[in-house]
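*Asks:* Here you go, one structure.
Derivation of every value follows stated rules applied to the coordinates shown; laboratory data play no part. In this text the structure is predicted, and so the values were computed from the model without any measurement. Glycine gets a Cβ as well: all are built from the backbone with ideal geometry, and neighbour counts include every protein chain shown.
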Amino acid sequence: MALQGSISTVDRISVLPDSVICHILSFLPTKESAATSILSKRWNPLWHSVLTLDFDDQNFTEFATFRHFVYSVIALRNNTETIQSFGLRGGKSSGFNPHDVNRFIYAVFQRGVQNLNLKMTPFKTDLKLHHCVFSCSNLTALKLTGLAIDYSCDFNFPLLKTLHLDTIFFVGDRDCFLRLLKGCPILEDLETKDLLLDSSTIGTYHVLLSQVRANILN
């Protein structure tokens, strides 16, 4: 008979359904989510099915180690399983390679990603987004920081409702930002800060924002 007031050692979390545990893990950075695999055989495979992936290279000294971790996480997942949300913060680790970031992005787009959040260290990464980002019919939220957009084809975001842009360079086409807005027919939430735009377009795009909750900061 247990003493009154003794601490229970019952593992109440492990008896929860897989879907509930995966939902809990989705709130953790992917590195911490992966670490739960050592808890028991019950937990070992669960993090592979988490719908949200979140990576930060500042937790790795060398980018090569970070790159291996990201590729391993993606490779371990079942190819038929959707990645609902993908977040990546980069530019802090030694040897950062923007080309690998675009490979990460391409891989998750093959798995139907709906929410993309990329936060690069401004003026350090020289990252230009892979063209697949601009024609993704699945995206509902796109948040970008510290990178360049110079893709000249039409933008096609039929489901995009949230667009946040911070320290973005629009190069090679002065109408690039205008075409981006026109390619988001159901956009509801727009936030911009420190956009590098051609001066002739700055006063024009406001016409497109009458139905959008917008926060525009110079």
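*Asks:* Rounded, prolate or oblate: which fits segment 72-195, taking a ≥ b ≥ c as square roots of the Cα gyration tensor eigenvalues, rounded meaning a/c under 1.5, else prolate when a/b beats b/c?
*Replies:* Details: a/c = 1.78, a/b = 1.14, b/c = 1.57.
Oblate.
*Asks:* Mind sorting I149, I186 by how few other Cβ atoms lie within 10 Å of their own Cβ, fewest first?
*Replies:* Working: I149 22, I186 12.
Placing the least packed residue first, the sequence is I186, I149.
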